[in-house]
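Notes to accompany the following structure.
The values are calculated or read from the model by the stated rules, or taken from the named source; none is laboratory data. Values in this document were obtained by computation on a predicted structure and should not be read as measured data. Glycine also receives a Cβ, built like all others from the backbone with ideal geometry; neighbour counts cover every protein chain displayed. What goes into the accessible areas is simple: the full protein's heavy atoms, side chains included, and nothing from ligands, DNA or RNA. Shrake-Rupley method; radii C 1.70, N 1.55, O 1.52, S 1.80 Å.
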Amino acid sequence: MMELPDLVAGGLAAGTLSALALGGGLLRLRRQQTRQRAEIAALRTQLEGSVRAFTAEVEHLADRRVPAAARQVAHPHVAEPGPLQPLTTGTPLGIALENVVLALQSEVAAQRTRVDAAAQAGMRGATREIQAALYRLQDALRGLQQRYDDPELAQTLFRLDHENEQSLRRAQVTAVVCGAWVGLAREESHLVDAVTGGQARLAGYHRVQVHNHLETGTALVSHAVEPVAIIVAELLDNALRHSAPDTDVVVSLEHVHHGVCVTIDDAGLGMTRDERDRAQRLVAGDDLILLTDLGDPPRMGLAAIGRLTRQFDLGVDVSSASPYGGVRAVLRVDSHLLSRLDPADRPPAASAPRTTRKAAAERPAPSHAYGTESGVPEAAPGHHEPSDADGLPQRRRRTPAAAPEESPALRPVRSPARRPEEAAAALGALQSGTAAARAAVENAENAENAGSDGHGDTPADRTGETDHTDHTDHIDIEGEAAR
């Protein structure tokens with residue numbers, strides 16, 4: 001049997017061991033709680049930093065990125081700032097913020113297009129009324145031109161008609177940019193008449209020199225006449241506006257493989273690369289045209305050209321410089337928009353420049369043989385040139401045949417283009433002479449009636465013949481002056 005002190009000592013030892021084990025466990029637990037508290041504090045600090053970073057990123061999105069993205073819709077050259085924290089790029093947060101920017105730009109572009117469409121619809125209605133009023137004014141002015149014989153009044157009416165024509169052109173261009181029809185339906189016309197018709201709509205028409213190298217009778221189909229006239233007028237207007245007033249604008253009409261080209265060269269300041277690229281995009285008509293993209297006040301000439309080129313399958317290029325240091329603009333009219341008119345039945349306008357191209361009967365037959373000169377007949381078959389000692393053919397110099405002297409009857413008659421002022425002066429002089437002739441005829445008839453015995457033509461018959469002839473001449477010259 002164990003003694004009592006031994007039992008007490010064993011119990012005390014066991015209690016001590018238990019107390020020590022319990023104290024160690026409590027110590028470990030306290031250390032673990034301390035570590036957990038430190039981790040919780042670190043997580044709380046990290047969370048607060050993330051919240052602050054997210055808040056700063058959202059504020060940056062609202063203050064900087066969203067306004068820049070909205071401006072970039074209208075002005076693509078505006079740079080959009082990136083995220084405030086570059087580390088967020090590619091993360092779920094960065095992708096979400098980027099989607100916000102893209103959705104905003106898409107909605108802004110859609111709203112902008114709808115607003116611009118509404119503005120264009122309102123502009124179309126306004127320009128339609130303005131065009132109708134200008135057409136009525138044009139008819140009234142031409143009626144006055146035919147009614148009165150005073151030369152000074154005729155010149156004033158011609159100037160007013162020309163000013164009205166320029167206002168009508170601006171209204172027509174505005175309507176075309178806003179999606180309206182060109183406004184006029186014409187019959188088939190000579191292409192040179194369409195070019196000179198566009199020239200006549202400008203204030204500086206006298207600075208334009210037109211060189212016609214087309215075949216006689218080259219014409220446009222009916223639905224392409226007015227679009228070509230509008231495009232030529234706008235290209236000429238740009239050339240005249242951006243060149244010195246003492247310089248000329250040269251227009252050349254040439255045949256090409258796929259149709260006809262109208263080339264316009266000016267001696268102006270030219271364009272920078274960015275301006276040339278933007279102008280080419282506008283005239284190509286590939287991009288959506290908005291009124292807000294055309295400046296303040298809007299410059300609609302190139303935008304109208306873009307509408308017409310896309311609508312009527314025409315081609316315009318303004319990407320090259322002219323030989324005079326300015327801009328070269330080329331209008332290409334393809335073959336399917338061309339037709340032919342018999343110049344004997346429907347000649348071009350009297351004021352239109354005559355073609356420099358000779359008729360087929362006047363052109364010498366081309367020689368396609370290699371080594372032969374133009375106008376020199378080839379050797380007959382079986383004919384051999386004399387050989388030298390080595391048996392090689394010798395080459396004999398040929399004298400080109402003298403060109404036949406051109407007969408005066410075959411030379412093209414060039415009638416100089418008449419200015420509207422000259423036509424008005426001529427018309428006024430004709431009208432004055434007509435009025436004097438009428439008065440002389442009436443006096444002679446009155447004298448004849450007083451001393452006649454009742455035989456011969458009556459005064460009414462003679463007066464009717466004179467009036468008919470004068471009216472016909474008046475109409476012809478009026479039409480020439482109007483053209």
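Does Arg170 count as assigned to a helix (DSSP H, G or I) and within 18 Å of Gly301 (Cβ to Cβ)? Criteria met by Arg170.
The residue list Leu43, Leu26 contains one member that is at pLDDT below 85, open to solvent by 90 Å² or more (accessible area, probe 1.4 Å) and of a type in the set (A, V, I, L, M, F, W, C), which is Leu26.
Of the residues His223, His206, His211, the single one that is more than 16 Å from Asp265 (Cα to Cα) and over 16 Å from the mean Cα position of the chain (by Cα) is His223.
Glu163 meets each of the listed conditions (1) closer than 27 Å to Thr309 by Cβ; (2) charged (D, E, K, R); (3) open to solvent by 60 Å² or more (accessible area, probe 1.4 Å); (4) under 26 Å from the mean Cα position of the chain (by Cα) apart from (1). Where strands (runs of 3 or more DSSP E) fall wholly inside region 208-326, the ranges with 2 or more residues that are open to solvent by 10 Å² or more (accessible area, probe 1.4 Å) are 208-212, 249-256, 259-265, 315-321. Within the bounds of region 86-105, is there any residue that is on the phi > 0 side of the Ramachandran plot and either open to solvent by 40 Å² or more (accessible area, probe 1.4 Å) or of a type in the set (Phe, Trp, Tyr) (or both)? Yes, region 86-105 has at least one match. For region 57-84, enumerate the residues that are assigned to a loop (DSSP other than H, G, I, E, B) and either touching a Leu at 6+ places or on another chain (Cβ under 9 Å) or surrounded by 17 or more Cβ atoms within 10 Å (Cβ to Cβ) (or both). Passing the criteria: Pro83, Leu84. Does region 304-314 contain at least one residue that is within 12 Å of the chain's Cα centre (by Cα) and over 15 Å from Val177 (Cβ atoms)? For region 304-314, residues within 12 Å of the chain's Cα centre (by Cα) and over 15 Å from Val177 (Cβ atoms): present. Cβ-Cβ contacts under 8 Å between residues 6 or more apart (or on different chains), taken from a first residue in region 275-299 that is under 12 Å from Thr309 (Cα atoms) to a second residue that is surrounded by 18 or more Cβ atoms within 10 Å (Cβ to Cβ) and at pLDDT below 90, are listed as Leu282/Ile289. In the set (1) crowded, with 16+ Cβ neighbours inside 10 Å; (2) in contact with a Gly (Cβ under 8 Å, 6 or more places away or on another chain); (3) farther than 25 Å from Leu291 by Cβ, the condition left unmet by Gln131 is number (3).
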